[in-house]
Amino acid sequence: MRRLIGYSFFCIAVGMLITLFIESAVVLVIISGILLLIGYELFCCG
């Protein structure tokens, strides 16, 4: 469980760093949607 929480915090931190470099909100929404779908597929269906 600790590894999952640590991995989640790491991913959140990477996402926050990405938002510093991408200024377009539309691109961020598209990237977030794609990553959410991939994460759901890997976590629930894999």
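Rolling a 1.4 Å probe over the protein heavy atoms gives the chain an accessible area of 96 Å² per residue. Overall, the accessible surface of the chain at a probe of 1.4 angstrom is composed of carbon and sulfur to the extent of 77 percent.
Rounded to the nearest 10 degrees, the angle from helix 25-44 to the longest Cα principal axis of the chain is 10 degrees.
The values are calculated or read from the model by the stated rules, or taken from the named source; none is laboratory data. All of these numbers come straight from a predicted model, not from anything done at the bench. We work out accessible area using only protein heavy atoms, side chains counted, and drop any ligands, DNA or RNA first. Shrake-Rupley method; radii C 1.70, N 1.55, O 1.52, S 1.80 Å.
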